[in-house]
Amino acid sequence: MFTNAVIILIIVFSILEIYLYFNFKKFIKSKLILFSNIFIWVAVLANLGYNLIFFDRSIGQTQTTMLATGLFLLFGLPRLFLVIIYFFQDVVRGLGWIVNRIRNNKNKQTDSYLPSRRKFIMISGLSIAAIPFFSLLYGMIQGKYNFKVIRKKLSYDRLPKSFNGFKILQISDIHSGSLDNKEKIEYAIDLINEQDFDIFLFTGDIVNNFHWEMDKWIEVFSKIKQAPYGNYAVLGNHDYGEYTDWKSEEDKQENFEKIKAIFPKIGMELLLNENRFIHKNGEKIALVGVQNWGTRFKKLGDLKVASEGVNFSDFKVLMSHDPSHWNEIVKSDPKHYDLTLSGHTHGMQFGIEVPKIGLKWSPAEYIYPQWAGFYNYQGKIINVNRGFGYHFFPGRVGVWPEITMIELQTS
């Protein structure tokens, strides 16, 4: 079934390439350019097809498979733009021809302007297609490590006065199996350590599948400084080894145990459906950490168990990897979870965000109602962190890797 889908994909894009070829050859006279373009695309399709058909789930995603995906998007997305533009042009020309035939307009001059107009559309199409090409190219080379510190002040009337000004640093979705540049990651760790925070929270997906993906990064992430009130973590859907084939259930469980053992090595306490009280000047807030719960993924998070001993009156910070948990369960829970910290979506690693004019879009919004940033429901707030690392596509365009700094304030 999967192989058939890959073959259909290749056939569809091959047909589109033939269509583009007949459009190009009217204005590009160099056969070297024409056939070089086709050769590159055929190579990209063949590379993607090979990596998908022979994908080994026991190994999982590799740098090679991510590169194949990245090249396909890099050269394929601009082609889709061109196909849409040129197809629209052909439809308009076809309709014009039909109208002229109906009117019996035989004026030969009606077509005299078409070559120049078509050339204009050809050049315009190439110019438009260059935008996604260079955006994706930048995203693959630089964007995936274009770390941004997002700062937000949140006011609550339920917050104990002793915690006015309390600072939370959140990161999410490290995906260590995807990372490929130690120098850039060390820069990000330095950026984290430059921040003034009271507590450090990591909201899941430390690996893609396997515990050993983190081996070469433990030394790097262990340099994250210890916050005065602790460094805590929860698991994400990728931390359970669900996206690979195992020889036995014992092997899968062993991998899971070794993933959990990573966290103390990098100075984090892992919360598995449990809570901790953070005390300051005789007052307290509750930190609650659940296992993964998602509408599309594993549902191990148990809010009731995780909140044992926590009362309605306690100000609560909840760590839950998947924001669909907040949307489906948490925001309506009578215990009132004041702040939920999630990740998971990565903002789909592709989008447009211009905060100054309120522009914010990503394909992720068609899947997750809360996909990046802060959302408020009756005084209960969630932050969906855009993620530290990346997955599947080896880059980021417009939705940059995020370090969140949250300052709690009393209303």
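The values are calculated or read from the model by the stated rules, or taken from the named source; none is laboratory data. Quick caveat: nothing in here was measured; it's all calculated off a predicted structure. Here Cβ is always computed from backbone atoms with ideal geometry, including for glycine, and neighbour counts include all displayed protein chains.
Collect the residues in the stretch 2-37 that are under 23 Å from residue 67 (Cα atoms), among the aliphatic types (A, V, I, L, M) and in contact with a Leu (Cβ under 9 Å, 6 or more places away or on another chain), keeping them in residue-number order.
The answer is 5, 6, 9, 10, 16.
Do we find that residue 14 is in the same structural domain as residue 125 (by TED's automatic domain parsing), within 16 Å of residue 80 (Cβ to Cβ) and among the small types (Gly, Ala, Ser) in this structure?
yes
Could you grab me the full set of residues in the stretch 162-178 that are buried (at least 22 other Cβ atoms within 10 Å of the Cβ) and within 18 Å of the chain's Cα centre (by Cα)?
The answer is 170, 171, 172, 173, 174, 175, 176, 177.
Just give me the residues in the stretch 260-297 being within 23 Å of the chain's Cα centre (by Cα) and polar (S, T, N, Q), in sequence order.
291, 292, 295 - these are the residues of the stretch 260-297 that are within 23 Å of the chain's Cα centre (by Cα) and polar (S, T, N, Q).
Return the total of residues in the stretch 363-378 being surrounded by fewer than 18 Cβ atoms within 10 Å (Cβ to Cβ) and without any contact (Cβ under 8 Å) to a residue 60 or more places away in the chain.
Total meeting the criteria: 8.
Answer yes or no: is there a residue in the stretch 69-86 that is assigned to a helix (DSSP H, G or I) and loosely packed, with under 12 Cβ neighbours inside 10 Å.
Scanning the stretch 69-86 turns up no residue that is assigned to a helix (DSSP H, G or I) and loosely packed, with under 12 Cβ neighbours inside 10 Å.
Applying the selection to the stretch 366-411, what residues are outside any loop (DSSP other than H, G, I, E, B) and more than 27 Å from residue 316 (Cβ to Cβ)?
366, 397
Considering only residues of the stretch 182-201 that are in contact with a helix residue (DSSP H, G or I) (Cβ under 9 Å, 6 or more places away or on another chain) and aromatic (Phe, Trp, Tyr), which is surrounded by the most Cβ atoms within 10 Å (Cβ to Cβ)?
Per the criteria, the residue is 200.
Checking residue 295 against (1) free of Cβ contacts under 8 Å to residues at least 40 places away in the same chain; (2) within 28 Å of residue 221 (Cα to Cα), which single condition isn't satisfied?
Checking residue 295 against (1) free of Cβ contacts under 8 Å to residues at least 40 places away in the same chain; (2) within 28 Å of residue 221 (Cα to Cα), the one that fails is (2).
Test of understanding: among 186, 213, 219, which residue is farther than 16 Å from residue 402 by Cβ and within 20 Å of the chain's Cα centre (by Cα)?
From the options 186, 213, 219, the qualifying one is 213.
With the condition kept exactly as written, say whether any residue in the stretch 338-347 is over 15 Å from residue 234 (Cα atoms) and either part of a loop (DSSP other than H, G, I, E, B) or of a type in the set (Asp, Glu) (or both).
Yes, some residue in the stretch 338-347 is over 15 Å from residue 234 (Cα atoms) and either part of a loop (DSSP other than H, G, I, E, B) or of a type in the set (Asp, Glu) (or both).
Would it be correct to say that residue 360 is surrounded by 16 or more Cβ atoms within 10 Å (Cβ to Cβ), free of Cβ contacts under 8 Å to residues at least 24 places away in the same chain and of a type outside the set (Asp, Glu)?
Yes; evaluated as a whole, the condition is true for this residue.
For the stretch 49-67, give me the residue count where each residue is touching a residue at least 40 places away in the same chain (Cβ under 8 Å), farther than 14 Å from residue 180 by Cα and outside any loop (DSSP other than H, G, I, E, B).
Number satisfying all stated conditions: 3.
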